[in-house]
Amino acid sequence: MWPESLSSNLPPPHADEPVSLRQDIADELADHLAAALQDQRLRGADESTARQLVLQRFGDPSQVAQQLWVDAMKEPIMRQRALLVLAALLVVGVFAANGLAWMAFRQLRESNAALVARLEGFSAPRSPVESADLTFELVKEGSGAPAVGYGVELLGSAVDADSPLTLEQTSDARGHARFGPIRPGSYTYWVSAPWKWRTERQGLAILAGQTARRIECPPNPKPPQESHAKINVVWPGELNERLALACEFVPSTPRFSIGDVTWTKATGFRVVRDLNGKSPATVQGPHGSDRDEWLLGRFAEPPTQEMDADTYDLATFSVLRRTGRQDGPTRAGYQTIFQGEGSIFGQFAATAADEAVWTIEVPAHIATFSERELEAMDKEERVDSAGDR
Amino acid sequence: MDSRLLWGIVEMLVLDVVSRGQSYGYEISQQVTAQSAGYFDLKEGSLYPALHRLERHGLLAATWAEADGRRRKYYKLTTAGKKAHAAKTAEWARFVAGVSGVLGGASGVA
């Protein structure tokens, strides 16, 4: 069918479309069809045949017109879409920026309010009813008699304070250890007997007003007696003078309970035997303390170890190698190159009555390090030191 | 002819026809058919998109004029179009020489 109007079959008008685009496309194709039709007529074809031949060759004029329109509008349409996407991104960005600004404003307002509240808290006198007087009543298990000379450590934070509070008191003649006034908050405390026994950490919530707590304590009538046991470390054969042996002793029964409170004996000690010393050397440190804090400053002191009369286990024994990193007999100057369970040496009962001699024979297989092995360790140490620098 | 070999050929043929003087769509298609002895029969669905593409790229410039009582769109080469025509013609000559050399050598051996 001969097309009457090519422009009517084009897509809907577009905002960026040139005014004459549709008409130009339609006119150009119509001119082509008319010229081709005229050509066919000149060749002798009748009108119907001429139109049929022209359309047969041309194809669908509407489709060609649409393709020309799309080709012409492709760039403006893509540009418009890109602008729309950009505008959408800008809108999202503006909303996001507004949201962030609002959140920042809220945080600032809240922090300002908190600051004002704290400043008001500093300036306003605290009401006495908000504080508590905390009293620990320490009694001996069984008799209920006052536990005199026991310590109480209190640690915690009041609800209206930022920094933690640490307080210590010793029970008086009535067995009372008083703290106060204390701000309400969450606290923990430890009670310790004069001879290094102490409770495990206990939780305590302090509320406004009076707070009292009754603690049953070990009724030990007198402190444990001191023992003068000797530690004799026997090394197999001839040993390198750069080696030492550290033995950690702990009470055989380190924990016991009174009521629902667990007590621990902090009476362990360590003994260090240095073959470079003139005599066996000892050092004492609180059981459970950081090994690096050992001070080996008592080399060549009397070869006895003062300890509470008790039964002890050798928990661990360690072979130490003296390094070149630090002068002086401190723990940092030694490197642990072997550590083993001390149970193979059995238990040691230290009594006050006699001066026991505990002999620890170091097995040859753990105490023997060749000069080559020690030199290799020295080399690794130098590499590590260079790496640290 | 293999359509893959025709890639870019339509533009080159159009540029060549228009290089001889301004022309319009129907005339261009007729000249191409006549000068190629009927080998190239440019369909309108290929011819007009190629003409408009060359116009958008600035290789052709268009003007409208009255002819036989109708509006007719005439195309002529721009300066850029002339350069492009010269470059494409030289490139095509090298291509033909290369292909002919190979085909001629092959027939000589055989």
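Worth a mention:
- Highest mean packing first, where packing is the average number of other Cβ atoms within 10 Å per residue, the peptides A:171-184, A:4-17 line up as A:171-184, A:4-17.
- Relative compactness, segment A:1-94, computed as alpha-carbon Rg over 2.2 N^0.38 Å: 1.55
- Additional length obtainable on full extension of the chain from A:ASP60 to A:THR166, 0.36 nm per residue less Cα span: 28.6 nm
- Square roots of 5 times each gyration tensor eigenvalue, C-alpha, segment B:52-110, largest first, Å: 40, 15, 7
- Reference-scaled alpha-carbon Rg (2.2 N^0.38 Å with N residues) for segment B:3-55: 1.02
- Spacing of the modelled spin labels on B:ALA34 and A:TRP102, each 7 Å from Cα toward Cβ, amounts to 7.5 nm.
- When both segment A:130-153 and segment A:18-51 are represented by their alpha-carbon centers, they are found 116 Å apart.
- Packing-based exposure ordering (other Cβ within 10 Å, fewest first) of A:THR262, A:THR135: A:THR262, A:THR135
- Applying the Kirkwood pairwise sum to the alpha-carbon positions of chain B produces a hydrodynamic radius of 15.3 angstrom.
- Most mobile of B:GLU66, B:GLU44, B:GLU11 in a GNM of chain B (Cα contacts under 10 Å): B:GLU66
Every number in this text was worked out from the coordinates using simple rules, so none of it is lab data. These figures come from a predicted structure and were not determined experimentally. Neighbour counts run over all protein chains shown; Cβ positions are idealised from the backbone, glycine included.
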